[in-house]
1. Translational D (Stokes-Einstein, µm²/s) of segment 74-164 at 4 °C and 1.567 mPa s when Rh comes from the Kirkwood sum over C-alpha pairs?
2. List the residues whose amide H sits under 5 Å from the amide H of V104, counting only those 5 or more places along or on another chain, with H placed 1.01 Å from N in the peptide plane.
3. So what's the convex hull volume per residue for the Cα atoms of segment 28-93, in Å³?
4. Please give me the summed charge of the neighbours of V68: other residues whose Cβ is under 15 Å from its Cβ, Lys and Arg +1, Asp and Glu -1.
5. Rounding to the nearest 10 and keeping the result within 0 to 90°, find how far the Cα-based axis of helix 85-100 lies from the longest principal axis of the chain.
6. Loop only by DSSP, 13 or fewer other Cβ within 10 Å of the Cβ. Give me the trypsin sites (Lys or Arg not before Pro) in segment 32-74 that pass, ordered by residue number.
7. Farthest toward the dipole's positive end in segment 1-126, which of A29, G41, L61, given Cβ charges of +1 (Lys, Arg) and -1 (Asp, Glu) about the Cα centre?
8. Please work out the FRET efficiency for the pair R3 and L118, using the Cβ-Cβ distance as r and a Förster radius of 35 Å; give the result to the nearest 0.05.
Amino acid sequence: GHRLRPDPRRRALLAEQTVGDVLDGLEGAGWLALHSLPLPGGDRVHHLLIGPGGLFAVHALYARRARVRVADPMVAVGRRAAEPLLRRLRAQADRAAYALTAEVRPVLALTEPSGVTLTAAPRGIRVLSAGELPGLARLGGVLKPADVAALHAMARDRRTWEKV
């Protein structure tokens, strides 16, 4: 028989769960993660990471055993057509920054890519594999623990996101 093509939404969910688990693992280092924050208009921030190194809007992208090519703002996974994903990530981070009145930096988190090609370093966006995400926990000197707690409480309040 022939195999059905896997539903891309299942892969996207798997990528989000994988990245979410890694981010949740940073809690002991003073970081807090929020997952799937809805934005008006149907978009959402996959993960918001808040900690001593600042705030990061983390977008999970399924890339298992595929080569990923990044040519700002385009991202291509395997043989699929490139999409202007980095533009969307910057916009989401900007909306989160507006809502929280604090700088939010975008991160593209790739799950299990076979390789990553950057034609040039994308402006203001970190491109990391899920396994490299714990490196963010080494960043510090931006927020004090009280700031982390206050921003986390603000980000958890659904009303924060209604006007962005």
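1. My calculation gives 85 µm²/s for D.
2. Distant-sequence amide H within range of V104: A97.
3. Measuring per residue, one finds 120 Å³ for the Cα hull of segment 28-93.
4. Local charge sum for V68: +4.
5. 20
6. Sparse-neighbourhood loop trypsin sites (Lys or Arg not before Pro): R65.
7. The residue sitting most towards the positive pole is L61.
8. So, using R0 = 35 Å, E works out to roughly 0.60.
Here, each number is a calculation from the coordinates, and none is a lab measurement. From a predicted model like this one, the values you see are computed outputs, not experimental measurements. When we count neighbours, we look across all protein chains shown, and the Cβ atoms used for this are built from the backbone with ideal geometry, even at glycine.
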